[in-house]
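Accompanying notes for the structure given below.
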Amino acid sequence: MDFGHDERTRELAARLESFMDSHIYPAEPVHHEQAAQAAEEGDPWRRPPVVAELKTAARERGLWNLFLPGHSGGAGLTNLQYAPLAEITGRSPALAPEALNCAAPDTGNMEVLAEFGSPEQQARWLKPLLDGAIRSAFCMTEPDVASSDASNIATRIERDGDSYVINGTKWWSSGAMDPACEILIVMGKTAPGADRHRQQSMILVPRDTPGVSIRRGLQLFGFDDAPHGGHAEVVFTDVRVPAANLVGEEGGGFAIAQARLGPGRILLVLKTAWLMDTVGNKGAHTEIQAIKVATPAMAEWVIDKAIQAHGAAGVSQDFPLAHLWASARSLRFADGPDEVHKRSLARRELRRYLPRPGDAGTGP
């Protein structure tokens, strides 16, 4: 178990550090000014022009799609190699990840399409996402149920001939307010009577499909997260898409969701990244769950101390700390609430100490 950086990681880290100094950090005030101007003009979701300039510069330097392992569209890095690079881009969370085409929710959606998408789906949607030409959104959470338990989801995806018809309401669909968002990955129930982990499926819904209504952008502790793309409430009313838009197989939605959410919080923890590379996401399940509790809590604690050090300025709009704290706090349920992960970890840990059938004194 060697977590030392190899030659390629060191070379990319040096190149990325240089790019942060020469392009990202100087662009931060420009990005802020352009976003403020768009908001004043009544178009808060308009992407600041500096973002496109940074994307071009990053791509020219080979700093593009670093996050995606095991796919020709990525940079060919392992999770362990990408981890220190993600830490560097995290120093400018509003700009650096998107400049490198490594920003959520597109990263998770690209991983879904790369692993589970058909060749046709990959050509139509994955390629433009890898090129940074479009954005995407992931529609799972619902307003009326605890969506961390996917068996609660009420949105229906019903087969009708060579189509599927979708009805339901989603919210916290991050990225859907972005004008460049063209595709939604929607999770809903195709078989409500099946086993609780085989009821759900995922399907691709173009944003301009009739019946798709982007109702509003939700605020995160008062922040609208514009121009990032916001967190939309989306209503699906008799939305009809081809059956070929189903991702994977019917009933595979829960497993796909687990695979998508796996990498979400671990690239700052080297052991978990190493386990993902060596034994896969399923084999690293325990460590992934532990990280989803520990990483947001640590980030929240650090930001809170920075706010305290800045005094009243720390909670003002003159510094990014209040917004960073709000984002970190939200991560404690974005990939499932702390309580769910702690319960699962406790059950897994307790199994080590419980007698197994057939052990002496346990009966047949």
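Roughly to the nearest percent, how much of the accessible area of the range 35-166 is carbon and sulfur, given a 1.4 Å probe?
Its accessible area is 49 percent carbon and sulfur atoms.
Can you give me the relative contact order of the range 55-188 as a percent, contacts being Cα pairs under 8 Å and 6 or more apart?
Averaging sequence separation for qualifying contacts and normalising by length gives 20 percent for the range 55-188.
Taking only protein heavy atoms into account and a 1.4 Å probe, give the accessible area per residue of the range 56-117 in Å².
With all protein chains present, the range 56-117 gives 33 Å² per residue.
So which chymotrypsin sites (Phe, Trp or Tyr not before Pro) in the range 254-356 are both in a DSSP loop and have at most 11 other Cβ atoms within 10 Å of their Cβ?
Y353
Roughly how big is the chain's charge dipole about its Cα centre, with Cβ charges of +1 (Lys, Arg) and -1 (Asp, Glu), in debye to the nearest 20?
Value, rounded to 20: 1020 debye.
Please identify every one of the chymotrypsin sites (Phe, Trp or Tyr not before Pro) in the range 17-115 that sits in a loop by DSSP and has no more than 14 other beta carbons within 10 Å of its own beta carbon.
none
Rank these residues by their accessible area, most exposed first, probe 1.4 Å: S148, S344.
Largest to smallest exposure gives the sequence S148, S344.
Between Y25 and E11, what is the label-point separation in nm under the 7 Å Cα-to-beta-carbon projection?
Roughly 2.5 nm, to one decimal.
Would you calculate the separation in nanometres between label points at E158 and H197, each defined as 7 Å from the Cα along the Cα-to-beta-carbon direction?
With each label placed 7 Å out from Cα toward Cβ, I get 2.9 nm.
For the range 181-233, report the accessible area per residue in Å² (1.4 Å probe, heavy atoms, rounded to an integer).
41 Å²
What does the highest-first list of 207-218, 228-239, 47-58 look like by mean Cβ count within 10 Å?
228-239, 47-58, 207-218
What is the distance, in nm, between label points placed 7 Å from the Cα along the Cα-to-Cβ direction at K305 and at R61?
2.9 nm
The values are calculated or read from the model by the stated rules, or taken from the named source; none is laboratory data. The shown structure was predicted, so the numbers you read here are calculated from the model rather than taken from an experiment. Glycine also receives a Cβ, built like all others from the backbone with ideal geometry; neighbour counts cover every protein chain displayed. Quick note on the areas: whole protein, heavy atoms, side chains included, nothing else; ligands and nucleic acids left out. Shrake-Rupley method; radii C 1.70, N 1.55, O 1.52, S 1.80 Å.
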